[in-house]
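I have placed the structure first, in the form of structure tokens, so that the comments after it can refer back to it.
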Amino acid sequence: MTKRATTLAIGGDRHVPAPDPVARDYLLLALRLDQHIPGLVDGYFGPADLKAEVDVGQLRAPASLAADAEALLARLPAEVTDEQRRDWLAAQLVALRTQAAALAGDELPYVEHLRRCFAWAPERRDDAQFEAAAAQLEALLPGPEPLADRLTAWDARFEIPVDRLPGVVDWLVGRFRARAAGLFGLPSGEELKVGLVTKQPWSGYNWYDGGMRSRVDINTDLPVRSADLIHMVAHETFPGHHLEHAWKEADLVDRLGQLEASILLINTPECLISEGLADLGYGFASPIAEETDLLVELYDRAGLPIAADPAAARDAAQRTVGMRVARRRLAEVRANAALMRHADGASHDETFAYFVEVGRVAPQLVEKRLEFIEHPLWRTYVFVYDEGEALLRRWLDVVPKAERPARFGRLLHEQLTPTAIAAELGAPA
């Protein structure tokens with residue numbers, strides 16, 4: 001993927017406080033490692049002088065960066081008194097040390113590399129899960145053609161024309177922002193812009209620029225269908241990535257002066273929490289009891305032909321909602337596919353066939369899935385969505401329904417690690 005500018009909001013018209021020694025060295029370490037792993041730094045809105053120091057300084061060797069991470073880890077007990085902050089920094093530093101060491105030639109087996117990057121190990125799904133999900137979809141969408149073809153034909157009915165996307169997205173963002181404001185509150189001055197792009201390995205992306213500002217890109221390489229757009233907008237905006245990053249900037253950086261939160265890093269434990277909360281937040285943005293009505297209105301706003309027949313539109317929306325859980329379970333085939341490809345040594349073609357035969361993914365869509373799994377940066381990242389959402393859902397579901405918005409709100413304001421979440425659940429990490 002083409003590396004996007006991640007430093008647009010450094011300093012700017014905001015006062016950026018000076019970092020303490022630990023935060024300063026953490027930021028320098030991450031910025032220097034990004035010179036070897038372009039895209040590792042997903043966003044930076046910290047002190048401009050640190051970024052300038054790295055940009056004009058001598059390139060530091062990966063082995064030296066691994067040693068820097070180890071040294072900073074050793075300093076944490078003496079220099080960071082806040083336990084939550086110390087644990088979060090330690091988990092992040094283990095991930096950075098792991099990636100630097102791999103560049104230096106000290107590579108670990110794929111699953112152990114994942115465990116150290118995310119403080120969590122992925123779980124291989126039993127193929128019986130996919131067969132059960134496919135059986136549910138067979139019942140909901142009967143027909144003589146292969147299930148993948150039926151799903152593709154069904155989805156084609158709800159593809160949103162590209163020229164209609166901006167208006168529909170603006171409407172969804174406004175709706176989800178209002179709901180998030182009522183449930184979680186909004187930091188003062190937050191704003192975001194949405195654009196359309198092509199030639200990317202992902203479907204949507206939030207680029208957080210700091211100053212409470214996000215840019216959200218939607219990739220139109222593949223058709224955008226109505227139900228997917230609802231999920232994508234909630235995931236990238238409210239109460240997903242944009243709201244999380246804006247609140248953490250307001251709370252951690254501006255109020256508490258924890259400058260380590262002014263950098264966002266790919267393939268670290270913060271990603272498993274961030275992607276998990278963004279997927280989990282979908283249920284707050286679009287409660288399942290309201291989703292049929294939301295889809296019907298979306299069909300109309302998108303100018304889809306089915307909107308001309310209200311009864312047909314409502315029936316289609318109800319069937320779409322009914323398929324949601326099964327399709328989500330079937331989509332987890334990507335985790336097994338990544339493990340096949342990178343842990344088991346399966347070939348590209350063997351993994352392609354697995355997607356088609358077990359995941360019921362139409363062949364014309366598989367290459368885009370494999371592009372993500374085989375990308376140098378995203379080959380490890382692929383797990384954070386399903387694993388993060390599953391972990392956080394268990395954590396959310398153990399409290400009464402009335403308490404869940406407040407519990408979810410902790411994810412927007414605190415630096416929690418997968419290990420900390422598992423500890424609250426009484427489960428091993």
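The values are calculated or read from the model by the stated rules, or taken from the named source; none is laboratory data. Here the structure is a predicted model, which means the values were calculated and not measured. Cβ: placed from backbone, ideal geometry, glycine included. Neighbour counts: every protein chain shown. Please note that ligands, DNA and RNA were not included when accessible areas were found on the heavy atoms of the full protein model with its side chains. Shrake-Rupley method; radii C 1.70, N 1.55, O 1.52, S 1.80 Å.
Whether any residue in region 284-295 is crowded, with 20+ Cβ neighbours inside 10 Å, hydroxyl-bearing (S, T, Y) and outside any helix (DSSP H, G or I) is what I want to check. Yes, that holds for at least one residue.
Against the list (1) open to solvent by 20 Å² or more (accessible area, probe 1.4 Å); (2) aliphatic (A, V, I, L, M); (3) over 23 Å from the mean Cα position of the chain (by Cα), the condition V94 fails is (3).
Against the conditions (1) part of a helix (DSSP H, G or I); (2) surrounded by fewer than 24 Cβ atoms within 10 Å (Cβ to Cβ); (3) acidic (D, E); (4) in contact with a helix residue (DSSP H, G or I) (Cβ under 8 Å, 6 or more places away or on another chain), E270 satisfies every one except (2).
Residue by residue, here is whether (1) touching a strand residue (DSSP E or B) at 6+ places or on another chain (Cβ under 8 Å); (2) over 16 Å from I266 (Cα atoms) holds:
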position: H36; (1), (2): no, no
position: G46; (1), (2): yes, yes
position: E53; (1), (2): no, yes
position: A61; (1), (2): no, yes
position: L76; (1), (2): no, yes
position: Q84; (1), (2): no, yes
position: D87; (1), (2): no, yes
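Can you find a residue in region 53-66 that is within 24 Å of M212 (Cα to Cα) and modelled with pLDDT of 95 or more?
Looking for residues that are within 24 Å of M212 (Cα to Cα) and modelled with pLDDT of 95 or more, one finds none in region 53-66, hence no.
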